[in-house]
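Read through the structure below, which is laid out as structure tokens, and then see the notes.
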Amino acid sequence: MKTSDNKIPRKDFIRNSALAVAGLTLIPNIMTASPFDEKNLSVKGKMSLKNVRLETRFEYQDGEVASTKTDLFYVEVEKGKITKITPNQPNAKAVDAKGLLMLPAFKDMHIHLDKTFYGDQWQSVKKRAGGVKGMIELEQKMLPEMLKKSTFKAEKLIELLQSKGTSYARSHVNIEPTSKLQSLKNLQKALENKKKSFGAELVAFPQHGVFYTDSVPYLKEAAKMDIYSGETNQKYIYLYTCFL
């Protein structure tokens, strides 16, 4: 199979890419970063894409990878999974990828989906005093109000991640006497609503410390709860110890 003679640095590929296979362009309703018409995309049926750019091999200079070779291909998808990759068919009746680089979806391995202002009215950074304990006291005041809309805001944050090509996250979630297990339960609702297109691992996180606040009983309760992972179809929750 003949490859293109066009040499493009790998960093430029990634910077200019807008086609993330598993987590972005094949999922309806989150097409923000995709140049394709949503009505042509379906995870339920079959779909074909032409002019899809794929990396074919590395190019070396002085024994080190300097760039990558690419070529355009014809990609067939069924039920959200790639079933066939063949030489490009530029005249085929298919979704035109316009030469964009196809990439796997990303994973965000450290995020706090349970407490965010994203999706709501913008707020400036709150002033605090007293170091770590001062920040804990500030959060104890803010959490009751944040919890009222935390499910909605978590969903909006997930949509933002998906729009940039991320389909999986490992999220910490507050477990402490102020929110008790409510942050966890609210986030579970958001993940349940997004489970068809987004997977997650959850980390039970005593954000306010296990010595400074009486968080241990709530951690024990959280450890008994099953958390669904959309990627592995398993249920699990991690415990994270914060000694403070």
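The values are calculated or read from the model by the stated rules, or taken from the named source; none is laboratory data. If you're wondering where the values come from, they're calculated on a predicted model, not measured in any experiment. When we count neighbours, we look across all protein chains shown, and the Cβ atoms used for this are built from the backbone with ideal geometry, even at glycine.
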**Message:** Restricting to segment 143-181, and then to whatever is in a strand (DSSP E or B) and among the aliphatic types (A, V, I, L, M), can you tell me which residue is surrounded by the fewest Cβ atoms within 10 Å (Cβ to Cβ)?
**Reply:** A169
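Might you let me know whether segment 79-96 holds any residue that is in contact with a helix residue (DSSP H, G or I) (Cβ under 7 Å, 6 or more places away or on another chain), surrounded by fewer than 18 Cβ atoms within 10 Å (Cβ to Cβ), within 24 Å of S163 (Cα to Cα) and at pLDDT below 95?
There is at least one residue in segment 79-96 that is in contact with a helix residue (DSSP H, G or I) (Cβ under 7 Å, 6 or more places away or on another chain), surrounded by fewer than 18 Cβ atoms within 10 Å (Cβ to Cβ), within 24 Å of S163 (Cα to Cα) and at pLDDT below 95.
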**Request:** Being part of a strand (DSSP E or B) and farther than 22 Å from N91 by Cβ is the filter here, so list the residues in segment 57-77 that pass it.
**Result:** R57, F58, E59, Y60, Q61, E64, V65, A66, S67, T68, K69
**Request:** Could you tell me whether any residue of segment 147-170 is under 23 Å from F211 (Cα atoms) and in the same structural domain as D214 (by TED's automatic domain parsing)?
**Result:** no
**Request:** Name, by its number, the condition in (1) modelled with pLDDT of 90 or more; (2) more than 21 Å from M135 (Cα to Cα) that does not hold for D226.
**Result:** (1)
**Prompt:** Scanning for something within 24 Å of M109 (Cα to Cα) and touching a helix residue (DSSP H, G or I) at 6+ places or on another chain (Cβ under 8 Å), does segment 209-216 turn up at least one residue?
**Reply:** yes
**Complete:** Of (1) outside the structural domain of S183 (by TED's automatic domain parsing); (2) closer than 30 Å to L202 by Cβ; (3) surrounded by 15 or more Cβ atoms within 10 Å (Cβ to Cβ), K115 fails just (1)
**Message:** Based on this model, can you work out whether Q140 counts as of a type in the set (S, T, N, Q), farther than 25 Å from Y168 by Cβ, assigned to a helix (DSSP H, G or I) and over 23 Å from the mean Cα position of the chain (by Cα)?
**Reply:** yes
**Request:** Pairs only if they're at least six apart or on different chains, beta carbon under 6 angstrom, first in segment 169-194 and without any contact (Cβ under 8 Å) to a residue 40 or more places away in the chain, second of a type in the set (S, T, N, Q) and in a helix (DSSP H, G or I); list them, first residue then second.
**Result:** T178/Q140; K189/T151
**Fill in**
Pairing a residue in segment 112-136 that is free of Cβ contacts under 8 Å to residues at least 24 places away in the same chain with any residue that is part of a loop (DSSP other than H, G, I, E, B), where Cβ atoms lie under 7 Å and the two sit 6 or more apart in sequence or on different chains, gives Q123/F117; G134/R128; M135/R128
